[in-house]
Amino acid sequence: MGGGRARVAASILNADLANLARDVRRVVKAGADRIHLDIMDGHFVPNLTFGAKTVKALRGVTDVPFDAHLMISEPSRYVAGFLDAGCDSVTIHVEVDEPIEPTLRAIRAAGRAAGLCVRPATPLTALEPYRELLDIVMIMTVEPGFGGQTFMRDAARKILPARSLLAHKPVGGEIHVDGGVNRETAEYAGGLGADILVVGSALFTKGHDMGREVRLIRALADEGYQYQLNDGKPPIPRDNWVTFTRLPREIARRFADEIEAGAIPVLLLRGEGEMNPDGVRDYDLMVPATAEALTIERHGAAREARLAEAAAWRERVRAAGSPGA
Ligand code: DX5
Ligand code: ZN
């Protein structure tokens, strides 16, 4: 898993279809963070690829996340198969001619990430009615249907405003950019805030060192983010967690619930901090580094109140000589 902010999802559309399992292993060994599965029905797009059975067969090859990209006209009919096949996320197209909400709800009910994808000509406003049901927004930067096409910069401009559609998910919401992503276009996509860069032909081109392409594309995307969106500061690595505060166990648990109610994940770890009169050290209450500023904004004042409550509790217990005081 790469250290920076951007992630690379390898599309296997241009892999050797006679050796899909081998090529999945190759891209994972080369450092791809995810596998992007392009499912086409020959109707929604003028191409036909593979179905849930193939995905299920590949699920045993690696444990990196599987992102299914359903370019099919009736996702409601087939979504269960992809959930059963072990996909970690399922993204459908907003342009399909059937109800969308039930399918998004079914994906989420299965505990997976639900996404909506827009073709280059489709405006972001088409996603508005579904915003609360979204974990992923996928921006097509080519006309869906084939790999190896040229990146459309105009379509990519939707990447930045798409973030607002995920405002309900301060952590874990993802903007995917799909189509024509390579070392020439990664910095542009990263500079618009893309989280997941889907890369197909750039990885499977003969003579290309796959590992080098993955590292380059990730680094270029982070460079774009650093100078276009982050005032020249390197992006916070996605996997970093920071200690928001340290509190006695019970107070920490209550505070963690409060913070998690706002969709900010919390890790509670027994810390090295103060030993309390009940014989248990303070707990570290940790949040993703990418959500630290938001947590301070929302819970900074409450943090002071909790720390005061903890000090009062310690006083009381010491005075009474028993933890229940
Ligand atoms: C196209 C697919 C893309 C494609 C990406 O319809 O959705 O995922 O495979 O491949 P490249 O990177 O070659 O455009
Ligand atoms: Zn795709």
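From the set of residues in the range 256-280 that are modelled with pLDDT of 85 or more and assigned to a strand (DSSP E or B), which is farthest from Arg316 (Cα to Cα)? Filtering the range 256-280 for residues that are modelled with pLDDT of 85 or more and assigned to a strand (DSSP E or B), the one farthest from Arg316 (Cα to Cα) comes out as Leu267. The criterion of at least 2 residues that are acidic (Asp, Glu) is met by the following strands (runs of 3 or more DSSP E) wholly inside the range 122-225: 174-178.
For the range 168-202, a residue qualifies if it is among the aliphatic types (A, V, I, L, M) and touching a residue at least 24 places away in the same chain (Cβ under 8 Å), and the qualifying residues are Val171, Ile175, Val177, Val181, Ala186, Ala189, Leu192, Ala194, Ile196, Leu197, Val198, Val199. Screening the range 1-104 for helices (runs of 4 or more DSSP H) wholly inside it with 1 or more residues that are touching a Cys at 6+ places or on another chain (Cβ under 8 Å), of a type outside the set (Asp, Glu) and at negative phi returns the ranges 52-59. Close contacts from the range 34-48, counting a first residue that is surrounded by fewer than 23 Cβ atoms within 10 Å (Cβ to Cβ) and a second that is polar (S, T, N, Q), with Cβ to Cβ under 7 Å and a gap of 6+ residues or different chains, come to Met40/Asn47; Met40/Thr49; Asp41/Ser73; His43/Ser73; Phe44/Ser73. Residues in the range 201-210 that are under 14 Å from Val24 (Cα atoms) and more than 9 Å from ligand 1 (Cβ to nearest atom): 1 in all. Of the residues Ala263, Ala289, the single one that is closer than 17 Å to Lys169 by Cβ, in contact with a strand residue (DSSP E or B) (Cβ under 8 Å, 6 or more places away or on another chain) and of a type in the set (A, V, I, L, M, F, W, C) is Ala289.
For the range 286-301, state whether one or more residues are among the acidic types (Asp, Glu), part of a helix (DSSP H, G or I) and at negative phi. Looking through the range 286-301, at least one residue is among the acidic types (Asp, Glu), part of a helix (DSSP H, G or I) and at negative phi. For the range 64-117, residues that are of a type in the set (D, E, K, R) and touching a strand residue (DSSP E or B) at 6+ places or on another chain (Cβ under 6 Å) total 4. When residues in the range 205-241 are screened for being at pLDDT below 90 and either among the aliphatic types (A, V, I, L, M) or touching a strand residue (DSSP E or B) at 6+ places or on another chain (Cβ under 6 Å) (or both), 3 of them pass.
Take the conditions (1) within 16 Å of ligand 1 (Cβ to nearest atom); (2) in contact with a His (Cβ under 7 Å, 6 or more places away or on another chain); Glu213 misses just one of them, which is (2).
The values are calculated or read from the model by the stated rules, or taken from the named source; none is laboratory data. Predicted model only: the values in this text are computed from it and were never measured. Every residue, glycine among them, receives a Cβ derived from its backbone with ideal geometry; neighbour counts consider all protein chains shown.
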